[in-house]
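A.B. asks: This is the structure, below, for whatever I ask next.
The values are calculated or read from the model by the stated rules, or taken from the named source; none is laboratory data. The model shown is predicted, which means the values in this text are computed figures rather than measured ones. Backbone-built Cβ (ideal geometry, glycine too); neighbour counts: all protein chains shown.
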Amino acid sequence: MWNVGLYTSPILATVLYRRGYFVFDGIVTIAKFLTGIGLILAASYCLRSIDRANNYTYITFLNSLTAAKKELNKDTKKALSRYDFEFYAWPVEFKWSDIEGDETKHRLYMDRPSPRRTAVEWLFALPCQVVSYVVAHTFGLRLVYPGSISMLQYVMAPILLQGRIKLVNENQAERFKLHTRDGNYVDTMIVDRRNKHANGNTLVICSEGNAGFYEIGIMVTPLEAGYSVLGWNHPGFGGSTGMPYPDQELNAIDIVMQFAIHGLKFQPENILLFGWSIGGYPISWAAMNYPDVKGVILDATFDDIVELAILRMPSSLEPLVRKTIRDYINLNIYQQLSKYPGPVLLIRRTEDEVICTEEMKLSSNRGNNLLVKLLKYRYPKIFDDEGVAILHAWLAADVNQRTIIWSKYDINEDLCVSTLMSYISEHSNSFPCLVGEGFSSDLKAEMVLFLAHKYMIDFQSTHCTPLPANMFRLPWELSSELEYVKV
């Protein structure tokens, strides 16, 4: 309600001014009206307090909350978990300052572009800089992350509540409150299935889309596949505080990772990172800074948000949109993902209506760009101009056309695997991998299609359809074959 009043205040002030309410008599009338509203609010708060003071359930809850804040342990947490209440009152269970040596841990960040300017150029650019700042800090960020809009969250509150109830009742989920280094609080929920399911010893950390919440989001897919799952809400989403600016997003995923490792005691090699849509941004940062994780799965994700943002705004505003994104909301997933040395799986939605730059055109899916950039970085000798041309043709093809292309090159997967293994055993398994120099055109084409097939799978669906559990699989890697060769 406060945000509604804040953003409508210019319109309201204009209307009141035109109707003459800013003279003395009008101000008296407004003061009387506001006084009446204040008395009504005060009376309603008094009545609510009296009702709560005589409500046995509320008194029991209050005693549980007081006991948990005084000493949070297994018993007081269990008693408190029986209730769902405003998250600001939930006791903090894990803080960044609790981690020994956290201050000395080196973290990687991608620097935003900052062209050098003379004093005169800087002065001429100042008005655009001011406009860009205002756009980003008013409606710009909310356009990128509509889930941070208070009105939307108010409407969705009952649905989110039912989602939490379902997670607790059906999956024995446990809620936690984490404190980040920049002072925000992160709302998280863990389903711990260690020693209970076949995949339970692997923790999947889920990162939602720009209007997604863990209560009703992508956690359902790894849960159905039997994994332990940790969900969290972006800053400004649900119970999490702050706003989803890039720096706050990265501090949030950082504390989630620290909590998983130090709080829940999952080893990095038993942690799988799973991001959907814009959730690929914090996931790719986590992968870059925690390179020992088991793998990364990115579903319906793009390479760089700037092209998608430009597409949805008038062409005349392109310079402003580009500058605003680059300076304040620079979500470049590829830059971060390229720094991760482990296994990656990209899932492309063939009917995606959100991250395609041309409607119903598979070749315009920005997931293609992410795959092309990643493979060019990892295997530059294979994905030269000739290899990239073959890859683009493969990505633009439908199912029937792919079958023809695959048969045309007669892909021998065993040969492709042995080629990679031979190179890695003689050199190293680090990236960039320079295998491919001197390959014939046919062998290079085989390797292009083989790697594309291993790094990306298609899901015939639109952007927001839940991913089926049978499509949730570990990313492909050569580690087991490599160990055999070394022996």
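A.B. asks: Within the range 233-254, is there a residue that is part of a loop (DSSP other than H, G, I, E, B), within 28 Å of Trp476 (Cα to Cα) and at pLDDT 95 or above? Spell out how you get there, then give the answer.
C.D. replies: Initially, the range 233-254 is screened for residues part of a loop (DSSP other than H, G, I, E, B), giving 233-245.
If we keep only those that are within 28 Å of Trp476 (Cα to Cα) as well, we get none.
So far as the range 233-254 goes, no, none of its residues is part of a loop (DSSP other than H, G, I, E, B), within 28 Å of Trp476 (Cα to Cα) and at pLDDT 95 or above.
A.B. asks: Please find, among Leu370, Leu346, Leu374, the residue that is within 28 Å of Ile305 (Cβ to Cβ) and either of a type in the set (Phe, Trp, Tyr) or not in a helix (DSSP H, G or I) (or both). Don't jump to the end; show me each part of the working.
C.D. replies: Working: Leu370 fails: either of a type in the set (Phe, Trp, Tyr) or not in a helix (DSSP H, G or I) (or both); Leu374 fails: either of a type in the set (Phe, Trp, Tyr) or not in a helix (DSSP H, G or I) (or both).
Matching residue, one of Leu370, Leu346, Leu374: Leu346.
A.B. asks: Where the second residue is surrounded by 18 or more Cβ atoms within 10 Å (Cβ to Cβ) and in a helix (DSSP H, G or I) and the first is of a type in the set (A, V, I, L, M, F, W, C) and lies in the range 256-268, which pairs have Cβ atoms under 8 Å and are six or more apart or on separate chains?
C.D. replies: Val256/Ala286; Met257/Ala286; Met257/Asn289; Phe266/Ala260
A.B. asks: Taking the residues in the range 425-448 that are within 33 Å of the chain's Cα centre (by Cα) and outside any loop (DSSP other than H, G, I, E, B) as candidates, determine which candidate is surrounded by the fewest Cβ atoms within 10 Å (Cβ to Cβ).
C.D. replies: Filtering the range 425-448 for residues that are within 33 Å of the chain's Cα centre (by Cα) and outside any loop (DSSP other than H, G, I, E, B), the one surrounded by the fewest Cβ atoms within 10 Å (Cβ to Cβ) comes out as Met447.
A.B. asks: Considering only residues that are among the small types (Gly, Ala, Ser) and in contact with a helix residue (DSSP H, G or I) (Cβ under 6 Å, 6 or more places away or on another chain), look in the range 437-453 and name the one that is modelled with the highest pLDDT. Spell out how you get there, then give the answer.
C.D. replies: Initial filter on the range 437-453 (among the small types (Gly, Ala, Ser)): 438, 440-441, 445, 452.
Adding the requirement that they be in contact with a helix residue (DSSP H, G or I) (Cβ under 6 Å, 6 or more places away or on another chain) leaves 445, 452.
On the way: Ala445: 95, Ala452: 98.
The residue in question is Ala452.
A.B. asks: Do we have Ser97 as at pLDDT below 90, of a type in the set (Gly, Ala, Ser) and outside any loop (DSSP other than H, G, I, E, B) here?
C.D. replies: Numbers: at pLDDT below 90: yes; of a type in the set (Gly, Ala, Ser): yes; outside any loop (DSSP other than H, G, I, E, B): yes.
It is true that Ser97 is at pLDDT below 90, of a type in the set (Gly, Ala, Ser) and outside any loop (DSSP other than H, G, I, E, B).
A.B. asks: Follow-up question, since we're still on this one. If you check Phe61, Phe22, Phe85, which single one turns out to be assigned to a helix (DSSP H, G or I) and either in contact with a helix residue (DSSP H, G or I) (Cβ under 8 Å, 6 or more places away or on another chain) or at pLDDT 85 or above (or both)?
C.D. replies: Working: Phe22 fails: assigned to a helix (DSSP H, G or I); Phe85 fails: assigned to a helix (DSSP H, G or I).
Phe61 is the lone residue from the list that is assigned to a helix (DSSP H, G or I) and either in contact with a helix residue (DSSP H, G or I) (Cβ under 8 Å, 6 or more places away or on another chain) or at pLDDT 85 or above (or both).
A.B. asks: On to the next question. Which residues, counting only those in the range 277-314, are touching a strand residue (DSSP E or B) at 6+ places or on another chain (Cβ under 6 Å) and more than 19 Å from Gly342 (Cβ to Cβ)?
C.D. replies: Passing the criteria: Ala300, Asp304.
A.B. asks: Follow-up question, since we're still on this one. Mind listing whichever residues of the range 114-173 are at pLDDT 95 or above and hydroxyl-bearing (Ser, Thr, Tyr)?
C.D. replies: The answer is Tyr145, Ser148.
A.B. asks: Would you check which residues across the range 454-487 are in a helix (DSSP H, G or I), surrounded by 14 or more Cβ atoms within 10 Å (Cβ to Cβ) and at pLDDT 95 or above and list them?
C.D. replies: Hits for the range 454-487 are Lys454, Tyr455, Ala469, Met471.
A.B. asks: Okay, next question. Looking at Leu451, Leu362, Leu415, Leu374, can you tell me which residue is surrounded by fewer than 20 Cβ atoms within 10 Å (Cβ to Cβ), closer than 24 Å to Thr301 by Cβ and of a type outside the set (S, T, N, Q)? If you could, list the steps in order and put the result at the bottom.
C.D. replies: Working: Leu451 fails: surrounded by fewer than 20 Cβ atoms within 10 Å (Cβ to Cβ); Leu415 fails: closer than 24 Å to Thr301 by Cβ; Leu374 fails: surrounded by fewer than 20 Cβ atoms within 10 Å (Cβ to Cβ).
Of the residues listed, the single one that is surrounded by fewer than 20 Cβ atoms within 10 Å (Cβ to Cβ), closer than 24 Å to Thr301 by Cβ and of a type outside the set (S, T, N, Q) is Leu362.
A.B. asks: Mind listing whichever residues of the range 160-215 are touching a strand residue (DSSP E or B) at 6+ places or on another chain (Cβ under 6 Å), among the small types (Gly, Ala, Ser) and crowded, with 21+ Cβ neighbours inside 10 Å?
C.D. replies: Ala173, Ser207, Gly209
A.B. asks: Restricting attention to the range 377-403, which residues are under 24 Å from the mean Cα position of the chain (by Cα) and surrounded by 17 or more Cβ atoms within 10 Å (Cβ to Cβ)? Let's see the steps before the verdict.
C.D. replies: Just the residues of the range 377-403 that are under 24 Å from the mean Cα position of the chain (by Cα), to begin with: 377-378.
Matches in the range 377-403: Arg378 only.
A.B. asks: Any residue in the range 368-395 that's more than 18 Å from Asp352 (Cβ to Cβ) and outside the structural domain of Tyr334 (by the TED database): show its pairings with residues that are at pLDDT below 95 and among the hydroxyl-bearing types (Ser, Thr, Tyr) at Cβ separation under 9 Å, as long as the two are six or more apart or on different chains.
C.D. replies: Glu386/Ser441; Ile390/Tyr409
A.B. asks: OK, next. With the structure loaded, tell me whether Thr357 is touching a strand residue (DSSP E or B) at 6+ places or on another chain (Cβ under 7 Å) and among the polar types (S, T, N, Q) or whether it fails that test. Give the steps one after another, and end with the answer.
C.D. replies: On the way: touching a strand residue (DSSP E or B) at 6+ places or on another chain (Cβ under 7 Å): no; among the polar types (S, T, N, Q): yes.
No, not satisfied.
A.B. asks: Right, something else. Testing Gln336 on (1) surrounded by fewer than 18 Cβ atoms within 10 Å (Cβ to Cβ); (2) assigned to a helix (DSSP H, G or I); (3) outside the structural domain of Leu478 (by the TED database), one condition comes back false. Which one is that?
C.D. replies: (1)
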